[in-house]
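Report on the following structure.
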Amino acid sequence: MKGQLQCPKCASRELDPRDFESMIVIARDCAMFTMRCPSCGTRVSSLQPIPAELHQLVLDAARSVGAGMGMGR
């Protein structure tokens with residue numbers, strides 16, 4: 001996942017959505033991630049596919065708040 005996103009301030013490609021500060025799920029497989037650039041500290045937001053490693057976290061969170069995508073599974 002690293003290398004796909006570029007910091008707009010310092011051009012670092014070390015951004016990784018799995019290191020998110022916040023995530024807003026848009027669809028079953030897509031979310032708006034906010035993360036900090038590890039090189040310069042700039043806060044970066046980007047619409048990205050949800051990494052496979054986070055799918056269970058998203059489902060568990062959805063179930064805990066009664067959101068639609070976490071129900072019925």
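What follows draws every value from the coordinates through simple rules; no lab data is involved. Just so we're clear, the structure is a prediction, and the values are computed from it rather than from any experiment. Methodologically, a virtual Cβ is constructed for each residue, glycine included, from the backbone with ideal geometry; neighbour enumeration extends over all protein chains shown.
Here are some notes:
- Nonlocal amide H pairs with residue 12, under 5 Å, H built at 1.01 Å: 7
- Inter-label distance, residue 59 to residue 14: 3.4 nm, where each label sits 7 Å from its Cα along the C-beta direction.
- Listing 47, 54 from fewest to most neighbouring C-beta atoms within 10 Å gives 47, 54.
- Over all pairs of different C-alpha atoms in the chain, the reciprocal of the mean inverse distance, the Kirkwood hydrodynamic radius, equals 12.9 Å.
- Degrees separating the helix 55-65 axis from the principal Cα axis of the chain, which is the longest one: 60
- Cys with no candidate disulfide partner in the chain (beta-carbon separation under 4.7 Å rule): 30
- Chain lengthening between residue 27 and residue 46 when straightened (0.36 nm per residue, less Cα-Cα): 5.4 nm
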